[in-house]
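**Student:** My structure is below; once you've seen it, I'll send some questions.
No lab work stands behind these numbers, since they all come straight from the coordinates. Only a predicted model underlies this, so the values are computations on that prediction, with no experimental measurement involved. Cβ: placed from backbone, ideal geometry, glycine included. Neighbour counts: every protein chain shown.
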Amino acid sequence: MSESIRYHLRHDTRYEYDQPVAESHQLLRLVPRELPGQRILSHRLDVQPAPTRQNGFVDSFGNEVRIIDLELDHSELLIRAEAWAEISAPEQPAEAILPWQQTRQALTYVAGKRYEPALLDACRFLFESKHVRVKREFAAYAGECFGSGDSLLSGTTRLMGRIFEEFTFDPEATTVSTPVTEVFEKKRGVCQDYAHFMLSCLRSIGLPARYMSGYLLTRPPAGKPRLIGADATHAWVSVFCPPGRWIEFDPTNNLQPALEHIVLGWGRDFADVSPLRGVLMGGGSHDPEIQVTVVPEAEFHAVYGDVEDAPTPLLPGID
Amino acid sequence: MSQEILATYPNAPNRFDELIDANGEPRQHWAPFVDRLEFLPAETLERRRRFIQDSIEADGVTYNVYQDPAGQRRHWQLELLPLVLDAEEWQPLSEALSQRARLMNAILADLYGPQSLIAEGLIPPALVFGQHAYRWPCQGIVPPGGIFLHHYAADLARAPDGGWWVLGDRSQGPSGSGYSLQNRLILSRTFPDAFRDLQVTPLADYFRSVQEGLARFAPTDGDAPLAVLLTPGPYNETYFEHTFLSRYLGFPLVEGQDLTVRDETVYLKTLRGLRRVHAIYRRLDDDFCDPLELRSDSALGIPGLLRAARAGRVLIANALGSGLLETGALLGFLPAIAQRLLGEPLKLPSVASWWCGEEPALEYVIRHFDELVIKPAFPSMRMEAIFGHQHKGESRRKLIERIEAQPHAYVAQEWVRLSQAPVMSHRHKKRILPRSFVMRLFATATPDGYSVMPGGLTRVSPREGDEVVSMQRGGLSKDTWIRAAAPVAKNTLLKSRLGVIDLICSGTEIPSRVGENLFWMGRYSARCEASARMLRAVMARTGDIGDEASEVLPLLLQTCWNLGILPAPDPEADNQEPDLEPALLAAVSDPAIPGSLAGNLSRLFFAASQVRERLSSDNWHALNRLQAMLNKPSEDFEEALETLDEAMQEAFALAGFAMDDMTRDEGWGFLVIGRRIERLAVQSQALQTVLRADSHQRERALDWLLETGNSIVTYRARYRRAPEILPVVHLLAFDATNPHAVAFQLENLRRYLFRNTRMLGQPRPLQLDIAADHLHAFDLTRFEGRDHEAASRELAELLAEIESAAYEVSDELHRQYFSHTAQAARMGGWQ
């Protein structure tokens, strides 16, 4: 049994509207995914006002989606998602040290070629999507990191390192709709931009790569206590390693996720896994206020006090 | 027997000609039509051409061309001569098209299902996952009856050897079947004898199949099926066709906002409540259909539609995501797919094509550039077709470089020499000329397989030798006559004559959107009228006009601020008195100022344009004049006052039309209610402000109150003396015979709200009743005595109560009839 650690996750979202909203429909991707290295011990969702209805489905990428419908006047909407997750360190696939061109070759189409399920799945992450572009300039940028004798692991690690070195983390430089070409020009942005750019580079040289949405454990400043709401959602990438594994890379922090990244879900880019997406009738929309708190089990009581919300017994989620 | 009319008709050696054979003789199935042409005098032909033109104008047949000066509502172009095909040729062609529709449906089922075509290497992943048209959220949805494709169309061309080729497939929401039918309705009357003698197969059965197909496959849970036709709206290029098909098929024409999804079920919002929709014949593109899961900035869609589809609660024709098959890059892969999915050879070949994403294909394309047409592999690329032979040297080198950079985004097709059909010359009397053409054929799903329309939309190029045929680029259309082997029975879905049973007293089911826009028309017309009056009164009292008049100005301004007619000054700003003149001018003619007359006029115009079909042309002219006013901003008070007078005139005219001109159906009531609510709120507010002022100011404001309440004449006739508080208050608040009085609005509102409840069944909002009772009970004699200050204050309170009740009723009507939602929620909150 490899090393593992338990986290409590809280993700609060608060919308306030100028005018009462009569009808609102929200798709929530706030339930962390159950994965080989990630067990979800419990999760729950609280919504206020109480929705007229709620249900859910699993999307095309395997992420769990909750839907809430409100068909009554409201001028505030609160959504709280909470979960306990147990993370264990991933193992590096042995094939990661094979030449990177083998991955590209494995996917190239020739008439009559058969795609095994894992390969077929990888094909979904090989092309352009809303926020990821396939362009010659990106291929050239990535090409300098992938030498002809390099392995998939070393090439991708070098690309991640280059982006980390050359880009500046700057929340003011971009918005959610800044195109990746502009991110490349400015070499500035947030984790989402880092991820979209790295995905563009990888796909431009024929490597399937997906966008990972989730949380990251942050460290409070030295000597300061951990605060509620001090964290944020995070984004990183994972690259396909034939015959059927994926390896994760976090270009914003220049490291391979191990015990401190918690996965919510994945897609081709942010647009596929946006944690909240909704439609309102009336109102006038504002950016919501979002608070994320990631707490290791050992610090839970220090942060939240003596509330009875321990990992066991399992809390019933709203289903 | 060579006819004169053929003497000048050229024979192109390397193309197939529909009319004549290689020897220049008319083909057998054309012979009777050619004989008739020969026989008809030039003047008759000219008269028939005019008949077509007149019919198109009378029926309002339009085709909107983007980026064209004639642009919106351009007349449809129908050519005088039909294209004639005989039964022998048609039969196999129709079977082949039906097979192709079946194949396309099977491909959609596979690509949105198990994707075995990709797994087995029969379709490259790039042509599915690399396409914007592949809708990820639709993955895994199985539509009712397994039918993805209800409406299918293919564009066909005839090769020099006489065989037919498919140039492209239309799988999302093929347009043209309605225009084909419209062409038929006109052309069968243009050549009635020829039409009968040639035994042309009628089209009506096909449209009956469309109706029955949707009714049979729709998940109805035992209800009588309700199908609607979903349009993006009047700006769409084929909007005419949407309205035409909607009438012909009997499917209500709806826009996205007319529908709502509740509990995974689609409903039509009507004034009588929500009605379940079982089938949606959509002409709205995939991406715009559901802002919740597809394109989030789409205002045309229905949030939650995908969920209803996922739950199998509604039939959507065609299934969301079906635009995927419109890529020309698939054509080359179809023969193998047909074998795999149908176990049959593909009967209708496609034009030879090479998808450049395959290495050998790319090499071929570069070697044979002169013989090929280069097209985008994905329709979303919006690139025009490029003829290889038109590019030499440097330009070709660049083009090839572009293709090599992203080979999977391009497809090359063989450059087909289109066959020719005759058109009537415009320049020469009674002369026919050859033109290239493309023919669009249609198929629809029925429980017995795909049924093919015996006819089609033939489009000819506008100039001789032109190879690109497109209605967007000025092409002409033709009716397509399929000759039947046996005599045909007359058959149409349109009744030839209406009977008593068909008589309609009022629209049966009025969409909520219509009621909502009429309601806002009422509110905005009353608001425009009121703000024009107020602004005029303020302007008359601004500037150098003596103490007495300017003394009341602060009170007037306060009323305008309270009503939002003038933007209230920012309390944070420094005390500097802002310049009134520019503020007033802006409040008249700057639509960007909140609450300005110009802004309200344009909202009025918008609401009216949403119910255009219900307004008389006089009504429209009044609205158009209003809009014209918006386009000339006022430079000074003189011009502004002129504008205000005009605006009031037009507002009166609109009110007059509403009372005298419009049918008094369920929708009309909302227009009247809207007007009454607005006037009630405005009048209550104006009175309140004056009643709350000190007695000195109050006395001076009475003139102005009568003026803005349009009651000066009545007052003078009744009292023949200067305005006093008691008679003014009586006339403007309590006199139920004065159409500007608060009591009049209350009484009328009550009556129309009762009428609504009787006609539409929703409970009557009661907010105004209590306020009305209080007003009734108010003792006016209190204004006679010492108590009059307290009386003023109390009456002001009462009017405030009435004003907010008016707005509450407005909100309540919205919930009950327009948005169909519930009252406010109570919030809990957490720590």
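**Student:** Given the peptides B:781-791, B:234-244, B:320-330, A:53-63, arrange them by the average over their residues of other C-beta atoms within 10 Å, most packed first.
**Tutor:** B:320-330, B:234-244, A:53-63, B:781-791
**Student:** I'd like to know how the range A:94-272 sits against the 2.2 N^0.38 Å rule of thumb: what's its Cα Rg over that expected value?
**Tutor:** Output field value: 1.04.
**Student:** Could you tell me which of rounded, prolate or oblate describes the range B:348-390, using a ≥ b ≥ c as the square roots of the eigenvalues of the alpha-carbon gyration tensor, with rounded for a/c under 1.5 and, failing that, prolate when a/b is larger than b/c and oblate otherwise?
**Tutor:** It comes out rounded by the Cα gyration axes.
**Student:** If you don't mind, another one. So, in Å, what gap is there between the alpha-carbon centers of the range A:130-164 and the range A:72-104?
**Tutor:** Value for the Cα centre distance between the two parts: 22 Å.
**Student:** Of B:Thr231, B:Ala405, B:Phe606, which is farthest towards the positive pole of chain B's charge dipole, taken about the Cα centre with +1 and -1 on the beta-carbons of Lys, Arg and Asp, Glu respectively?
**Tutor:** Most positive-ward Cα: B:Thr231.
**Student:** Determine the principal axes of the Cα atoms in the protein assembly as shown, then give the extent along each, sorted from largest to smallest and rounded to whole angstroms.
**Tutor:** Between the extreme Cα coordinates on each principal axis of the protein assembly as shown lie 105, 99, 60 Å.
**Student:** Counting Lys and Arg as +1 and Asp and Glu as -1, what is the net charge of the other residues whose Cβ lies under 14 Å from the Cβ of A:Leu35?
**Tutor:** Numbers: positive: A:Arg33, A:Arg39, A:Arg210, A:Arg245; negative: A:Glu34, A:Glu64, A:Glu86, A:Glu91, A:Glu248.
With Lys, Arg at +1 and Asp, Glu at -1, the neighbours total -1.
**Student:** Next question. Counting partner chain Cβ atoms within 10 Å of every residue's Cβ in B:121-128, what's the average?
**Tutor:** Going residue by residue through B:121-128 and averaging, the value is 5.
**Student:** Here is a further query. Can you tell me how much longer the chain between B:Gln3 and B:Arg208 gets when fully stretched, taken as 0.36 nm per residue apart minus their C-alpha distance, in nm with one decimal?
**Tutor:** Going from the current span to full extension adds 69.7 nm.
**Student:** Percent relative contact order of chain B, based on C-alpha pairs within less than 8 angstrom and at least six residues apart?
**Tutor:** For chain B, the relative contact order is 13 percent.
**Student:** Counting C-alpha atoms alone, how compact is chain B: give Rg to one decimal and Dmax as a whole number, in angstrom.
**Tutor:** 33.6, 112
**Student:** Find which of A:Pro117, A:Trp236, A:Ala271 sits farthest along the positive direction of the dipole of the range A:94-272, computed with +1 on the beta-carbon of Lys and Arg, -1 on that of Asp and Glu, about the Cα centre.
**Tutor:** Positive-most Cα among the choices belongs to A:Pro117.
**Student:** Also, I was wondering about something else. Report the equivalent ellipsoid semi-axes for the range A:223-262 in whole Å, largest first, defined as the square roots of five times the eigenvalues of the gyration tensor built from alpha carbon atoms. Walk me through the numbers before you get to the answer.
**Tutor:** Details: eigenvalues 160, 18, 17 Å².
Each semi-axis is the square root of five times an eigenvalue, giving 28, 9, 9 Å.
**Student:** Using a simple charge model, +1 on the beta-carbon of Lys and Arg, -1 on the beta-carbon of Asp and Glu, nothing else, what dipole does the range B:174-327 show about its Cα centre, in debye to the nearest 20? Present the calculation step by step, with values, prior to reporting the outcome.
**Tutor:** Values: 17 positive and 19 negative charges, 106 e Å.
Charge dipole of the range B:174-327: 500 debye, to the nearest 20.
**Student:** Less than 13 Å Cβ to Cβ from B:Leu630, Lys/Arg counted +1 and Asp/Glu -1: what total charge do the surrounding residues give?
**Tutor:** For residues surrounding B:Leu630, the net value is 0.
**Student:** Ok, one more. Give the peptides A:91-104, B:89-102 in descending order of average Cβ contacts within 10 Å, highest first.
**Tutor:** Numbers: A:91-104: 16.0, B:89-102: 19.0.
Ranked by mean Cβ neighbours within 10 Å, highest first: B:89-102, A:91-104.
**Student:** Now a separate question. Run through the range B:339-404 and list the trypsin sites (Lys or Arg not before Pro) located in a DSSP loop whose Cβ has at most 16 other Cβ atoms within 10 Å.
**Tutor:** B:Lys347, B:Arg382, B:Lys392
**Student:** Using the beta-carbon distance between B:Ala22 and B:Asp263 and R0 = 56 Å, what value does 1/(1 + (r/R0)^6) give for FRET efficiency, to the nearest 0.05?
**Tutor:** Rounded to the nearest 0.05, the efficiency is 0.30.
**Student:** Sticking with this one: Return B:Met539, B:Met648 ranked ascending by Cβ neighbour count within 10 Å, so the fewest neighbours appear first.
**Tutor:** Arranged by neighbour count, lowest to highest, B:Met539, B:Met648 become B:Met648, B:Met539.
**Student:** Treating only the Cβ atoms of Lys and Arg (+1) and Asp and Glu (-1) as charged, compute the dipole magnitude of the range A:94-272 about its Cα centre; round to the nearest 20 debye.
**Tutor:** Numbers: 20 positive and 20 negative charges, 57 e Å.
Dipole magnitude for the range A:94-272 comes out near 280 debye.
**Student:** What residues qualify as long-range amide H neighbours of B:Arg435, i.e. H under 5 Å apart, gap of 5 or more or another chain, H built at 1.01 Å from N?
**Tutor:** Under 5 Å from the amide H of B:Arg435: B:Ala421, B:Val423.
**Student:** A follow-up question, please. Within 10 Å of each Cβ in peptide A:128-135, how many partner chain Cβ atoms are there on average? Round it to a whole number, please.
**Tutor:** Mean shielding by partner chains, rounded to a whole number: 2.
**Student:** Please express the Cα-Cα pair-distance distribution P(r) of the range B:668-824 as a list of whole percents, one per 5 Å bin, running from 0 to the bin with the greatest distance.
**Tutor:** Histogram of Cα-Cα distances, whole percents per bin: 2, 9, 19, 21, 18, 13, 8, 6, 4, 1, 0.
**Student:** So, one more: When the Cα centres of the range B:1-44 and the range A:25-49 are compared, how far apart do they sit, in Å?
**Tutor:** What the calculation gives is 73 Å, centre to centre.
**Student:** Kindly provide log₁₀ I(q)/I(0) values, in the same order as q = 0.10, 0.14, 0.15, 0.18 Å⁻¹, from the Debye equation applied to equal alpha-carbon scatterers of the range B:265-380.
**Tutor:** Treating every Cα as an identical point scatterer, log10 I(q)/I(0) equals -0.51, -0.79, -0.84, -0.98.
**Student:** I'd like the mean, over residues of A:173-179, of how many other protein chain beta carbons sit within 10 Å of each residue's own Cβ.
**Tutor:** 0
**Student:** With unit charges on the beta carbon (Lys/Arg positive, Asp/Glu negative), name the residue among B:Gln762, B:Ser531, B:Phe378 whose Cα is farthest towards the positive pole of the charge dipole of the protein assembly as shown.
**Tutor:** B:Phe378
**Student:** For the protein assembly as shown, give the share of DSSP beta bridges that are antiparallel, in percent and rounded to the nearest 5; count only bridges with both residues there.
**Tutor:** 85 percent
**Student:** How many angstrom separate the Cα center of the range B:144-178 from the Cα center of the range B:285-352?
**Tutor:** Between the Cα centre of the range B:144-178 and that of the range B:285-352, the gap is 14 Å.
**Student:** Net charge around A:Pro275, counting only other residues with Cβ within less than 11 Å of its Cβ (Lys, Arg = +1; Asp, Glu = -1)?
**Tutor:** +3
**Student:** Could I ask something else about it? Just want the ordering: A:Cys241, A:Cys191, B:Cys356, from fewest to most Cβ atoms lying within 10 Å of their own Cβ.
**Tutor:** A:Cys191, B:Cys356, A:Cys241
**Student:** Still on this model: About the Cα centre of the range B:623-765, how large is the charge dipole given +1 on each Lys and Arg Cβ and -1 on each Asp and Glu Cβ? Please answer in debye to the nearest 20.
**Tutor:** Details: 18 positive and 20 negative charges, 207 e Å.
Dipole about the Cα centre, nearest 20: 1000 debye.
**Student:** Next question. Going by how many other beta carbons lie within 10 Å of each one, how would you line up B:Met424, B:Met759, B:Met453, fewest first?
**Tutor:** In increasing order of surrounding Cβ atoms, one gets B:Met759, B:Met424, B:Met453.
**Student:** What are the semi-axes of the equivalent ellipsoid for the range B:512-662, taken as the square roots of 5 times the Cα gyration tensor eigenvalues, largest first, in whole Å?
**Tutor:** Details: eigenvalues 187, 49, 35 Å².
Taking √(5λ) for each Cα gyration eigenvalue gives 31, 16, 13 Å.
**Student:** Looking at chain A as a GNM with Cα springs under 10 Å, which of A:Arg158, A:Arg39, A:Arg136 has the largest mean-square fluctuation?
**Tutor:** Result: A:Arg136 has the largest fluctuation of those listed.
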